[in-house]
Ligand code: ADP
Ligand code: GN1
Ligand code: MG
């Protein structure tokens, strides 16, 4: 068995409708939350691949309700794509593989939740972008995704993680972790703690406007980092938005903001050499162009006005979450080395610092699209 495989997948695979023989599996991707494997199944002499995931049920407390959200969203996207000539549902949306008893997940005897998706072939995810076109394509795909979900029937989606993007609430959690300092790590993060403290006032802008109705609540993805969209090998198009675990009611600003966070950086999210971490205005410009192309017709003027701010806000929020997790002992985001969550926090705060410096230039780019 591949040493990176933590589970006996041969005990899981027979419960899904794969219709073939399991040939092997390997750990896949660089997500921080679920255990993801690429599964190789031989089907009538053909090599087929699937994604098999153990869902992190510490992070997602109600897996059946979360999977019901994903079922609703992917079914709706399938219906939308069916109206578009030449579209290919199994490459342009996640497709759930159901279990033998027609459920979108399997609960094993150890209490692990599993799910499977069709593997999107001839496309890749990237941990950071290397060209303006990738930024444009990724943003266009996320905007298209939001656009397709504007008329999702059946009432609001289940709120998978309450207050997921409630930045003031995230700040309170950070303060509680700091007060407890249960591992004595605060001393090693003084600069980051001060950076965070100085920015508390700006945390409530979006949640306040959602509460007052100045900003609309929509169906949003909520985890739009660059490695959650697949870019097509042949033409570079953003072909499929993946990782739908956090699809729920939210603000488009958190989605756009997380695209800014992960798509405008010249280095990986956990880069230790901060001199390599550069906010790239050229990538931001392409990101705005791609997003406005697919989302511009439904965004309100206030949403558009806040696009540059949303980049700073969510980059700060995610940095704060990494810092909180570092102080709490790395219980949420999987660490792969010592101090990993502090490294991740540092790159985020460095990006915030640079976005603050470039705020006017970012505003000027977005202003071109204001109605
Ligand atoms: P996590 O929540 O841990 O981030 P993801 O659902 O994003 O898990 O999956 C991790 C990685 O696996 C993705 O970044 C992507 O590279 C790959 N992946 C996930 N789903 C698919 C799919 N349907 N087809 C191809 N690759 C996928
Ligand atoms: C997690 O699942 P993944 O790795 O795509 C996290 C996001 C963070 C991101 C930081 C459910 O995303 O909120 O922005 O890490 N997902 C969850 O890289 O907490
Ligand atoms: Mg992911």
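Looking at this structure, is residue 294 touching a residue at least 60 places away in the same chain (Cβ under 8 Å), in a helix (DSSP H, G or I) and either surrounded by fewer than 20 Cβ atoms within 10 Å (Cβ to Cβ) or at positive phi (or both)? Talk me through it step by step, then tell me what you get.
Numbers: touching a residue at least 60 places away in the same chain (Cβ under 8 Å): yes; in a helix (DSSP H, G or I): yes; either surrounded by fewer than 20 Cβ atoms within 10 Å (Cβ to Cβ) or at positive phi (or both): yes.
Yes.
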Residue in segment 109-119 that is away from ligand 3 (no atom under 16 Å from the Cβ), under 21 Å from residue 148 (Cα atoms) and assigned to a strand (DSSP E or B) present: yes
Residues of segment 142-165 that turn out to be more than 19 Å from residue 67 (Cβ to Cβ) and either buried (at least 16 other Cβ atoms within 10 Å of the Cβ) or out of contact with any strand residue (DSSP E or B) (no Cβ under 8 Å at 6 or more places or on another chain) (or both), as a count: 9
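For segment 50-74, which positions are closer than 22 Å to residue 239 by Cβ and surrounded by fewer than 17 Cβ atoms within 10 Å (Cβ to Cβ)? If you could, list the steps in order and put the result at the bottom.
Taking segment 50-74 first, the residues closer than 22 Å to residue 239 by Cβ are 50-53, 69-74.
Across segment 50-74, the qualifying residue is only 71.
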Test: residue in segment 75-93 that is in contact with a helix residue (DSSP H, G or I) (Cβ under 7 Å, 6 or more places away or on another chain), buried (at least 17 other Cβ atoms within 10 Å of the Cβ), assigned to a loop (DSSP other than H, G, I, E, B) and modelled with pLDDT of 95 or more: yes
Complete set of residues in segment 214-243 that are within 12 Å of ligand 2 (Cβ to nearest atom) and either part of a strand (DSSP E or B) or under 12 Å from residue 142 (Cβ atoms) (or both): 221, 222, 223, 224, 225, 226, 228, 229, 241, 242, 243
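Here is a yes/no grid of residues against (1) more than 13 Å from ligand 1 (Cβ to nearest atom); (2) within 26 Å of residue 88 (Cβ to Cβ); (3) in contact (Cβ under 8 Å) with a residue 24 or more places away in the chain:
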| residue | (1), (2), (3) |
| --- | --- |
| 212 | yes, no, no |
| 216 | yes, no, yes |
| 219 | yes, yes, yes |
| 224 | no, yes, yes |
| 230 | no, yes, yes |
| 243 | no, yes, yes |
| 247 | no, yes, yes |
| 255 | yes, yes, yes |
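Against the definition (at pLDDT 95 or above, out of contact with any strand residue (DSSP E or B) (no Cβ under 8 Å at 6 or more places or on another chain), more than 23 Å from residue 160 (Cβ to Cβ) and exposed (fewer than 15 other Cβ atoms within 10 Å of the Cβ)), how does residue 47 come out, yes or no? Explain how you work it out, then say what you get.
Details: at pLDDT 95 or above: yes; out of contact with any strand residue (DSSP E or B) (no Cβ under 8 Å at 6 or more places or on another chain): no; more than 23 Å from residue 160 (Cβ to Cβ): yes; exposed (fewer than 15 other Cβ atoms within 10 Å of the Cβ): yes.
In short, no.
Among the listed residues 183, 178, identify the single one that is part of a helix (DSSP H, G or I) and either within 19 Å of residue 159 (Cβ to Cβ) or out of contact with any strand residue (DSSP E or B) (no Cβ under 9 Å at 6 or more places or on another chain) (or both). Talk me through it step by step, then tell me what you get.
On the way: 183 fails: part of a helix (DSSP H, G or I).
Going through 183, 178 in turn, the sole match is 178.
A quick yes/no check of all residues on (1) more than 16 Å from ligand 2 (Cβ to nearest atom); (2) closer than 30 Å to residue 176 by Cβ; (3) part of a helix (DSSP H, G or I):
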{"residue": "257", "(1), (2), (3)": "no, yes, yes"}
{"residue": "270", "(1), (2), (3)": "no, yes, no"}
{"residue": "283", "(1), (2), (3)": "yes, no, yes"}
{"residue": "287", "(1), (2), (3)": "yes, no, yes"}
{"residue": "304", "(1), (2), (3)": "yes, no, yes"}
{"residue": "314", "(1), (2), (3)": "no, yes, yes"}
{"residue": "343", "(1), (2), (3)": "no, yes, yes"}
{"residue": "348", "(1), (2), (3)": "no, yes, yes"}
One residue from 142, 60 being within 16 Å of ligand 3 (Cβ to nearest atom), in contact with a helix residue (DSSP H, G or I) (Cβ under 7 Å, 6 or more places away or on another chain) and part of a loop (DSSP other than H, G, I, E, B): 60
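Can you tell which of 4, 31 is within 16 Å of ligand 3 (Cβ to nearest atom), closer than 23 Å to residue 227 by Cβ and part of a loop (DSSP other than H, G, I, E, B)? Walk me through it before giving the result.
On the way: 4 fails: within 16 Å of ligand 3 (Cβ to nearest atom).
Result of the check over 4, 31: 31.
Check segment 95-118 and report whether any residue there is at positive phi and in contact with a strand residue (DSSP E or B) (Cβ under 8 Å, 6 or more places away or on another chain). Steps first, please.
The first filter runs over segment 95-118 and keeps only residues at positive phi, leaving 102, 111.
Narrowing further to those that are in contact with a strand residue (DSSP E or B) (Cβ under 8 Å, 6 or more places away or on another chain): none.
Within segment 95-118, none of the residues are at positive phi and in contact with a strand residue (DSSP E or B) (Cβ under 8 Å, 6 or more places away or on another chain).
Under the condition of being closer than 18 Å to residue 311 by Cα and in a loop (DSSP other than H, G, I, E, B), which residue from segment 186-213 is farthest from the chain's Cα centre (by Cα)?
Step one: of segment 186-213, the residues closer than 18 Å to residue 311 by Cα are 195-196, 198-210.
This time we only want the ones that are in a loop (DSSP other than H, G, I, E, B), so: 198-199.
Numbers: 198: 27, 199: 24 Å.
Among those that are closer than 18 Å to residue 311 by Cα and in a loop (DSSP other than H, G, I, E, B), it is 198.
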Residue in segment 105-118 that is nearest to residue 41 (Cα to Cα), counting only those that are buried (at least 20 other Cβ atoms within 10 Å of the Cβ) and in contact with a helix residue (DSSP H, G or I) (Cβ under 7 Å, 6 or more places away or on another chain): 115
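The values are calculated or read from the model by the stated rules, or taken from the named source; none is laboratory data. Remember, predicted model here, so these are calculated numbers, not experimental data. Heads up, the Cβs are rebuilt from the backbone with ideal geometry, glycines too, and the neighbour counts pull from every protein chain shown.
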